[in-house]
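What follows draws every value from the coordinates through simple rules; no lab data is involved. Computed from a prediction, not measured in an experiment: that's the story for all the values here. For neighbour counting, all protein chains shown are included, and Cβ atoms are generated from backbone atoms with ideal geometry for every residue, glycine included.
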Amino acid sequence: MQPHPIPESGLQEFSFLGEVKAGFPSPAEDVRERLDLVKLLVRHSASTFFFRVDGVSMVDADMDEGDIIIVDRALDPYNGCKAVCFIDGEYTVKRVEIGADGAVLLPCNAKNKRYKPIPVGPDNQFLIWGVVTWVIKKA
Amino acid sequence: MYALADCNNFFASCERVFRPELNGKPVIVLSNNDGCAVARSNEAKALGIKMGDPYFKIRDIVERNGVAVFSGNFPLYGDMSRRVQEVLRSFAPSVEQYSIDEAFLDLSGMDNIDFDTYAKRISATCLKWTAIPVSVGIAPTKTLAKIASKLCKQYPRLQGGCYLHRPRDIEKVLRKFPVGDVWGIGRRSLKKLEQMGVRSAWDYVQLSETTVRKLFFQPGFHTWKELQGIPCIEFEDLVEPKQSICVSRSFAHEIEAMPELCEQVANFAESAVQKLRRQQSLALEMVVFASTNRFKESTPQTSAGLCVPFIDATADHRTLVLAAVDACRKLWRPGFGYKRAGVIITKIVQEADFVRSLWEDDGAAQRESRLSQSIDNITKAFGPGAIRFGAQGDGIVKAARDHQSPHYTTRWEDLPKVTGK
């Protein structure tokens, strides 16, 4: 293929209006980089939701009262994942152990004996709402 | 090939996203001011609740059956709609958003795909990613794709996806499909069709081309061809500017006094102007209307509208708001309790297409446009209502929204809570 020639008559001279500053050009002029927190924290913007932690059953997993957790529904739950679950009419965030005969929801608070593993049986209304990907906490 | 993705009972489904316990239970969403049912879950439909039923008429059914009732939560619905659209965009090179809960996908050039599996996969992905159930119909034309998506709602065994393409399948489906439910067949056409004994979509296809052209004109002819699998309706992935803009509300309490009604109308006009300016259009004509409560038959009834033409097309805040107030003063009558009012910009031109008249005073026009620009800037920086005309009073009277769910996905203070039990 031949390069398309530019016709001589198509070129027009033009003059700049106004001042042209001819100082040292900024070496950063064409480089516009910024860190975007959303890009880091939200991999799928269609399926990512935020929840607020209410309660202390997950303090050992670094989820404290008032923290914001980021949940991605696009991810498949895996054994040991932390997930927002819905069990018998209530939301709860737990570590999910997925075994051959069903799931167990594990709290992460060794100091408080009140929190016990919750086995999920056929009688429970249960669903894993989404997998937790990040925890946002105030320092 | 086209796909139509239609969210099932969209508003009701949005309310279930963060309330999974409502799955399988009747749910309805009420219109502005908790007036009437505008969305119903399948369970609510089964109870006999109809689209547009006034709330007070169905209250009994609601209470007896424990129907979950919600006031419209439009920030939530808008956000969920955006999410579904995003998922759909990953399945096709171009997507035409047809409404808040429907989108067409252009699948041309993807012919080596197993479309039946594809339809089901789109539906399953939407459900997994967004928790919104979506019915996906794939067919050679948009009209048939719409029909295919309706089949998914009728037959759960289709698992949310239906590929309708074989001529004998199309015939079988059209024979059972009521012609009035076909996309593009309006109420007026339906009346004619009923008189002619045309009941099913198949009956319609059997009409001759001349009959269809003569009685139902170009649009009816396009529908006729589309039902036969010949694409006629273009794919529009560019958002066209709206041809009319309507802002109307029903009030929580009836308004009798003129100044009060005018204030409300001024607010509707201002909000219409904002929409107009956002799409870079100008108004040539505006209609202001007000009516009494038509469900309260014992009180005197009125419903009046006034049309205001503009010689010079305008998007000026002040011009439009004052014109609306003026029209409202003229149509107001004493002794009526107004329940609803609104402003419709009925004739719209694009700023770029408009040629100004000879008579316009340039100086005044420039002052107006500077003022309007400032109003836009202040509104943008500080939110709607940050700056108002005196005519707007204290702003729009808050509508009754007794059953609104939190703005789960659009306000930090409304994030759903997850307990550690």
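5 Å is the cut-off here: which amide hydrogens, built 1.01 Å from N in the peptide plane, fall below it relative to A:M58, excluding neighbours closer than 5 in sequence?
The list, which skips near neighbours in sequence, is A:C108.
Project the alpha carbons of segment B:245-392 onto their principal axes and report the range along each, largest first, in whole Å.
Dimensions of segment B:245-392 along the principal axes of its Cα atoms: 52, 34, 22 Å.
Give me the Kirkwood hydrodynamic radius of chain B in Å, from all C-alpha pairs, to one decimal place?
Here the Kirkwood hydrodynamic radius works out to 24.4 Å.
Under 5 Å between amide H atoms, partner at least 5 residues away or on a different chain: which partners does A:V93 have, H built in plane at 1.01 Å?
A:C85, B:T419, B:K421
Per residue of A:41-50, how many C-beta atoms from partner chains lie within 10 Å of its own C-beta, taken as a mean?
Mean inter-chain Cβ contacts per residue within 10 Å come to 5.
Starting from the 7 Å offset along Cα-to-Cβ, what nm value, one decimal, do you get for the label separation of A:L40 and A:D76?
The answer from the label model is 2.9 nm.
Just name one of A:V56, B:Q195, B:V273: the one whose Cα is farthest towards the positive end of the charge dipole of the protein assembly as shown (beta-carbon charges, Lys/Arg +1, Asp/Glu -1).
Of A:V56, B:Q195, B:V273, it is B:Q195.
Sort A:C85, A:C108, B:C328 by Cβ crowding within 10 Å, fewest neighbours at the top.
Exposure proxy ranking, most exposed first: A:C108, A:C85, B:C328.
Mind giving me the FRET efficiency for B:I113 and B:S298? R0 is 45 Å, r the Cβ-Cβ distance, nearest 0.05 is fine.
After rounding to 0.05, the efficiency reads 0.15.
Kindly express, to the nearest 10 degrees and within the range 0 to 90, the angle between helix B:142-154's C-alpha long axis and the longest C-alpha principal axis of chain B.
In chain B, helix B:142-154 runs at an angle near 80 degrees to the longest axis.
What is the fewest-to-most order of B:T410, B:T346, B:T117 by other Cβ atoms lying within 10 Å of their Cβ?
With the fewest neighbours first, B:T410, B:T346, B:T117 line up as B:T117, B:T410, B:T346.
Let me check against my output: what whole-number percent is the relative contact order of segment A:50-139, with C-alpha pairs under 8 Å and at least 6 apart?
35 percent
Please express the shape of the protein assembly as shown as an equivalent ellipsoid: the semi-axes are the square roots of 5 times the eigenvalues of the C-alpha gyration tensor, given largest first in whole angstrom.
Each semi-axis is √(5λ); the values are 42, 35, 33 Å.
Given contacts defined as C-alpha pairs under 8 Å and at least six residues apart, what's the relative contact order of chain B, whole-number percent?
RCO, chain B: 16 percent.
How much mean residue ellipticity at 222 nm does chain B get from its helices, if each DSSP H run of length 4 or more adds -39500 (n - 2.57) and you divide by all residues, to the nearest 500 deg cm²/dmol?
After summing the helix terms and dividing by the residues of chain B, the value is -13000 deg cm²/dmol.
For segment B:1-164, take N as its residue count and report Rg(C-alpha) divided by 2.2 N^0.38 Å.
The value comes to 1.07.
Filter the cross-link list B:K25/B:K150; A:K82/B:K120; B:K25/B:K120; A:K94/B:K417; B:K50/B:K242; B:K142/B:K191 down to pairs whose alpha-carbon distance in this structure exceeds 20 Å.
B:K25/B:K150; A:K82/B:K120; B:K25/B:K120; B:K50/B:K242; B:K142/B:K191
Counting other beta carbons within 10 Å of each Cβ, put B:V205, A:V38 in order, fewest first.
Ordered from fewest to most neighbouring Cβ atoms within 10 Å, B:V205, A:V38 come out as A:V38, B:V205.
If I take every Cα pair under 8 Å that is 6 or more residues apart in segment B:307-421, average their sequence separation and divide by the length, what percent do I get for the relative contact order?
Computed value for segment B:307-421: 23 percent relative contact order.
For helix B:55-65, report the angle its Cα long axis makes with the longest principal axis of the Cα atoms of chain B; keep it between 0 and 90° and round to the nearest 10°.
The angle comes out near 50 degrees.
Take peptide A:86-92, look around each residue's Cβ out to 10 angstrom, count Cβ atoms belonging to other protein chains, and average those counts.
For this peptide, the per-residue mean of nearby foreign Cβ atoms is 4.
Give me the extension gain from B:S208 to B:K330: residue separation times 0.36 nm, minus the current Cα-Cα distance, reported in nm with one decimal.
Taking 0.36 nm per residue and subtracting the Cα distance, the gain is 38.8 nm.
Considering every pair of different Cα atoms, what Kirkwood radius, in Å, is found for segment B:166-239?
About 12.7 Å, per the Kirkwood formula over Cα pairs.
If one takes the longest principal axis of the Cα atoms in chain B, at what angle in degrees, from 0 to 90 and to the nearest 10, does the Cα axis of helix B:74-89 lie?
With both axes taken from Cα atoms, the answer is about 40 degrees.
Going Cα to Cα from B:K225, which aspartates and glutamates come in below 15 Å? Please leave out same-chain ones fewer than 8 positions away.
Output for B:K225: B:E171, B:D203, B:E209, B:E234.
Lysine pairs in segment B:245-392 8 or more apart or on different chains: how many have alpha carbons under 19 angstrom apart?
Taking segment B:245-392 as the scope, the lysine pair count is 4.
Compute the Kirkwood hydrodynamic radius of segment A:50-139, taking the inverse of the mean of 1/r over all pairs of distinct Cα atoms, and give it in Å to one decimal.
It is 13.3 Å.
Report the charge-dipole magnitude of segment B:245-392 in Debye, nearest 20, computed about the Cα centre from +1 at each Lys and Arg Cβ and -1 at each Asp and Glu Cβ.
460 debye
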